[in-house]
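The values are calculated or read from the model by the stated rules, or taken from the named source; none is laboratory data. Values in this document were obtained by computation on a predicted structure and should not be read as measured data. Cβ placement follows ideal geometry from the backbone for every residue including glycine, while neighbour counts extend to all protein chains displayed.
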Amino acid sequence: MCEFALEMLGITKEFPGVKALNNVTLRVKKGTIHAIVGENGAGKSTLMKVLNGVYQAESGEILIAGKKVSITDINKAQNLGISLIFQETNMIPQLSVTENFFLGHVKCKKGGVVDWQGMQEAVKKVFDELGYTINPRCLVSEISAAEKQMVEIARAISKNADIIVMDEPTSSLTSDETERLLDIVRKLKTQGKTIIYISHKLEEIFAISDMISVQRDGEIIDTKPASEMTTEEVIEKMVGRSVQTEYPVRNTTPGEVILKVESVSRKKLVQDVSLELHKGEVLGLAGLVGAGRTEFAETIFGAAKMTEGTILIHGKAVKIRNTKAATRASIGMLTEDRKETGLALKASIKHNIVISNLKGICSAGFWTNSKKENDAAKKYIGQLKIQTPSVNQTAVNLSGGNQQKVIIAKWLFSDVDILIMDEPTRGIDVGAKYEIYCLINELVAQGKSIILISSELPELIGMSDRVIIMHEGRQKGELSKAEMTPEAIMRLAVS
Amino acid sequence: MRTAEKRIKFQPSKYIVLFLLIFLTILMTIMLDNFFTFNNIKNIFASFSVYGVTTIAMTYAIICAEFDLSVGSIMAFTSLVFANLANSTNLVTAIIVSLLVGLMFGALNGVIVAVGKVSSFVATLGTQIAIKGLALYYTDGYQVPIYSTTAYKMGNGELLGIPYLVLFFFLMLSLAWYVLKYTRFGRNLYAVGGNYDMAKLAGIKSWFYKFMIFVILGFCASISGIMIACRVASGNALHGADLTMTAVAAVVVGGTSLNGGSGGVWRTLAGLLVIYLLFNALTLLGLSAYWQQFLKGLIVIIVIVADALIQRHKED
């Protein structure tokens, strides 16, 4: 009998331009809770997707209970007793818990009549064993996020899963719900199940896990029993990388306060956030996925409703009810997903540049003037060094970096002073990243102010004058340029 | 931590159509002397039985997040086929061939939508126009009288005071309900309508369900075609002109969501009743039949807007 329930040996997985997993070896002992921690983008989810056959690794092998297996798709993984519970649950909200439980495998009596009673009893039995109080007849849309996770776990167990992978299961749960979920995870362990628990909430990790593996930049840095690790040690290992990218130097000093945000809240997503942004400053917003940074930015930009708080620009209170008002108040935003919400992908570059300020290309305030449009587009293409054969090129044909520049050009043409950049370098190659950094510095030199949201700590530290750290919708602290270290930021971001 | 099992929440929004139905019935009984009489109630049921059969099939389609504009044309075409064959051959042949024609048109829609992966709105918009054209060409636009007295009896006879057509409608309704609730096919329909890809991942042949929806619609539309031909003793290319809209209106008023994945045929019955109760009231009040059209649209808009508001409220 093999001591390990699962062994992943020398797994390598590449995506175009990135080595997502580099020779990763992970051994998970039977009947333990094994945690994997790491920064955003460390490759935790990729590793688990390889385990579940969602991705195929280029090299390496997987052993289940000592036997070599090949996992080509999710069904194969399921047959081998591996169940992955995703962050977002895989259930159809309009259907009842029972029906989701038996999705695609509806139980029938002889003659093809659906066996409702039998199905409900089967679900009830699994729920009773786990101590759930969920009514199997409830619609999935009526149960809470925690209960959905619980149903998914039960579903995994009913499929005889021995290895249960939980990917950030508590990211949308309240603390009470988290406690309940952790109790269930412990219970699974006593039943002899092996659990791989992915999270970046260190408290949880230390509360339940037996072993901890730290993953960083696609590699497993260390694996140790939880009792032999400290929070400090884990944080150090999570961030302790050498800074690879150089950041252009900026020789400007921030001026007077241009934007003042006072205790802004957006339901539960953002709570009581206050900050000041100076003229010619880059203010970093740090935090893990789900910390509420994007949600906060959307609130200021008028894309979501602010439930409380005030926004002052140049000391004057402004009401920002929609994005148009934000633009008028001189705020622009580069959204996280430039293809979905940043660009009109099938439209030309010139149209994308003038789209937010059509007034600027109008003659007599009414007719759009194509000469003005072309001139404006050409001006920014030159200024921002956008590489394109013509102003009429469709945006979809540009590289990521050039697309990002087009969006920046759009806001420059709208003449905004404050630019919120949400993950501006995501999915952009190194050279283009550097250009974006230079561009940020140029904008700052011109007196623009920037709020920079990034999940890459080196980038935040390299580019920001100050950084504010968020955690679960709240502001956790602020660090000056001198205080900024990856460890200091991470410590605030995980607590 | 073990507490009493969580109760299923009572959601008033689910029963709006029932409240509306009861309210309308009481209101009309008080206001109109000749409303709550056996004959009038019978009239209401008789007036929607023909469209009702297709409306049941439309419920299936909307549960599956699909939609069919061509049912009216299929109904018209089959009424002509039935009328011609009833005159030239016998009734059994006429019925069988008419149903086959309906199945064939339905399968055509199904192939275009499920295999060709075309939006059902566009696909059935095309077939609607094409089939209507065929129907008009078939008899040069003339209606075809049916001489068979048996056919007339089928369309107008009664059993214990209840019209055959009404009985048939309820037979179809019960069958449809049973299939939805107690067969694997019915349950998977909800899954496919709720989330096509997720159903596929769970091992359901999603495309097949989409295909079958249109076959069922074609089949039921041809039944409606036969029913109307028997009832008025003629086939006509103009039959069923407003079938699609009436059917969709009844399904939606009944509370089956256009997003798919939920709903049921009893809701559709309630929807049909609400719409036809109002039509009936208009007639009893002596208002022009043209108001019916206006009213139908108005009800749909009110119900959809109310539903959207409730949904948004729930999300907040």
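Kindly evaluate B:Ile22 against the criterion of being modelled with pLDDT of 90 or more, away from chain A (no Cβ under 14 Å) and touching a Gly at 6+ places or on another chain (Cβ under 7 Å).
Against the criterion (modelled with pLDDT of 90 or more, away from chain A (no Cβ under 14 Å) and touching a Gly at 6+ places or on another chain (Cβ under 7 Å)), B:Ile22 does not qualify.
Determine if the stretch A:392-404 includes at least one residue that is under 23 Å from A:His314 (Cβ atoms), at pLDDT 85 or above and assigned by TED's automatic domain parsing to the domain that holds A:Val282.
no
Test each condition in (1) free of Cβ contacts under 8 Å to residues at least 40 places away in the same chain; (2) crowded, with 19+ Cβ neighbours inside 10 Å; (3) hydrophobic (A, V, I, L, M, F, W, C) for A:Ala482 and report the one that comes out false.
Only one criterion in (1) free of Cβ contacts under 8 Å to residues at least 40 places away in the same chain; (2) crowded, with 19+ Cβ neighbours inside 10 Å; (3) hydrophobic (A, V, I, L, M, F, W, C) is unmet by A:Ala482, namely (2).
Tell me the residue from A:Leu181, A:Leu139 that is within 14 Å of another protein chain (Cβ to nearest Cβ), surrounded by 16 or more Cβ atoms within 10 Å (Cβ to Cβ) and either within 25 Å of the chain's Cα centre (by Cα) or polar (S, T, N, Q) (or both), please.
Answer to the check: A:Leu181.
Which numbered condition in (1) under 24 Å from B:Ala46 (Cα atoms); (2) modelled with pLDDT under 90; (3) assigned to a loop (DSSP other than H, G, I, E, B) is the only one that B:Ser262 fails?
(1)
Scanning for something within 23 Å of A:Phe296 (Cβ to Cβ), touching a helix residue (DSSP H, G or I) at 6+ places or on another chain (Cβ under 8 Å) and in contact (Cβ under 8 Å) with a residue 24 or more places away in the chain, does the stretch A:390-403 turn up at least one residue?
No, that holds for no residue.
Rundown of residues vs (1) under 14 Å from A:Arg474 (Cβ atoms); (2) polar (S, T, N, Q); (3) surrounded by fewer than 17 Cβ atoms within 10 Å (Cβ to Cβ); (4) touching a residue at least 40 places away in the same chain (Cβ under 8 Å), yes/no style:
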{"site": "A:Glu262", "(1), (2), (3), (4)": "no, no, yes, yes"}
{"site": "A:Val282", "(1), (2), (3), (4)": "no, no, no, yes"}
{"site": "A:Gly292", "(1), (2), (3), (4)": "yes, no, no, yes"}
{"site": "A:Ala297", "(1), (2), (3), (4)": "no, no, no, yes"}
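Just to be sure before I move on: is B:Ile310 part of a helix (DSSP H, G or I) and either over 20 Å from B:Leu20 (Cα atoms) or under 18 Å from the mean Cα position of the chain (by Cα) (or both) in the structure I sent?
No.
Looking at the stretch A:121-167, which of the residues that are touching a residue at least 60 places away in the same chain (Cβ under 8 Å) and part of a loop (DSSP other than H, G, I, E, B) is nearest to A:Thr194 (Cα to Cα)?
So, considering only residues that are touching a residue at least 60 places away in the same chain (Cβ under 8 Å) and part of a loop (DSSP other than H, G, I, E, B), the one nearest to A:Thr194 (Cα to Cα) is A:Asp162.
Can you tell which of B:Tyr138, B:Tyr147 is over 24 Å from the mean Cα position of the chain (by Cα), in contact (Cβ under 8 Å) with a residue 40 or more places away in the chain, within 17 Å of B:Gly225 (Cα to Cα) and surrounded by fewer than 16 Cβ atoms within 10 Å (Cβ to Cβ)?
Selected residue: B:Tyr147, the only one of B:Tyr138, B:Tyr147 that is over 24 Å from the mean Cα position of the chain (by Cα), in contact (Cβ under 8 Å) with a residue 40 or more places away in the chain, within 17 Å of B:Gly225 (Cα to Cα) and surrounded by fewer than 16 Cβ atoms within 10 Å (Cβ to Cβ).
Just to be sure I understand, how many residues within the stretch B:160-181 are aromatic (Phe, Trp, Tyr) and touching a residue at least 12 places away in the same chain (Cβ under 8 Å)?
Number satisfying all stated conditions: 3.
Any residue in the stretch B:20-32 that is farther than 18 Å from B:Leu272 by Cα and of a type in the set (Phe, Trp, Tyr) sitting within a Cβ distance under 9 Å of a residue that is modelled with pLDDT of 90 or more and assigned to a helix (DSSP H, G or I)? List the pairs, counting only those 6 or more apart or interchain.
Correct list of pairs: empty, since none qualify.
Residue pairs, Cβ under 6 Å, 6 or more apart or interchain, first in the stretch A:366-378 and farther than 12 Å from A:His351 by Cα and not assigned by TED's automatic domain parsing to the domain that holds A:Val406, second of a type outside the set (D, E, K, R) and part of a helix (DSSP H, G or I). List them.
Close Cβ pairs satisfying both conditions: none exist.
Being in contact with a helix residue (DSSP H, G or I) (Cβ under 8 Å, 6 or more places away or on another chain) and free of Cβ contacts under 8 Å to residues at least 60 places away in the same chain: is that true of B:Gly133 here?
no
For the structure I just gave you, tell me whether A:Thr170 is β-branched (Val, Ile, Thr), outside any helix (DSSP H, G or I), touching a Lys or Arg at 6+ places or on another chain (Cβ under 7 Å) and within 11 Å of chain B (Cβ to nearest Cβ).
So A:Thr170 fails the test.
Going by what's in this entry, would B:Gly102 be described as within 18 Å of B:Val248 (Cα to Cα) and either at pLDDT 95 or above or outside any helix (DSSP H, G or I) (or both)?
Taking the combined requirement at face value, the residue does not satisfy it.
Test A:Gly131 against the criterion of being within 8 Å of chain B (Cβ to nearest Cβ), among the small types (Gly, Ala, Ser) and within 22 Å of A:Leu188 (Cβ to Cβ), and give yes or no.
yes
Can you name the helices (runs of 4 or more DSSP H) wholly within the stretch A:304-414 that have at least 2 residues being in contact with a strand residue (DSSP E or B) (Cβ under 6 Å, 6 or more places away or on another chain) and of a type in the set (A, V, I, L, M, F, W, C)?
Result: A:400-413.
Per-residue answers, yes or no, for (1) surrounded by fewer than 22 Cβ atoms within 10 Å (Cβ to Cβ); (2) among the aliphatic types (A, V, I, L, M); (3) more than 10 Å from chain A (Cβ to nearest Cβ):
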residue	(1), (2), (3)
B:Met172	yes, yes, yes
B:Phe185	yes, no, no
B:Val215	yes, yes, yes
B:Ala221	no, yes, yes
B:Arg231	yes, no, yes
B:Val252	no, yes, yes
B:Ser257	yes, no, no
B:Gly264	yes, no, yes
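Could you go through the stretch A:47-56 and let me know if any residue there is within 13 Å of chain B (Cβ to nearest Cβ) and of a type in the set (Phe, Trp, Tyr).
Checking the stretch A:47-56: not a single residue is within 13 Å of chain B (Cβ to nearest Cβ) and of a type in the set (Phe, Trp, Tyr).
Here are some conditions: (1) surrounded by 15 or more Cβ atoms within 10 Å (Cβ to Cβ); (2) of a type outside the set (A, V, I, L, M, F, W, C); (3) closer than 22 Å to B:Cys64 by Cα. B:Gln311 meets all but one. Which one does it not meet?
(1)
Would you point out the residue of the stretch A:67-95, among those that are within 11 Å of chain B (Cβ to nearest Cβ), surrounded by fewer than 22 Cβ atoms within 10 Å (Cβ to Cβ) and touching a residue at least 40 places away in the same chain (Cβ under 8 Å), that is farthest from A:Thr133 (Cα to Cα)?
Filtering first and then ranking leaves A:Gln78.
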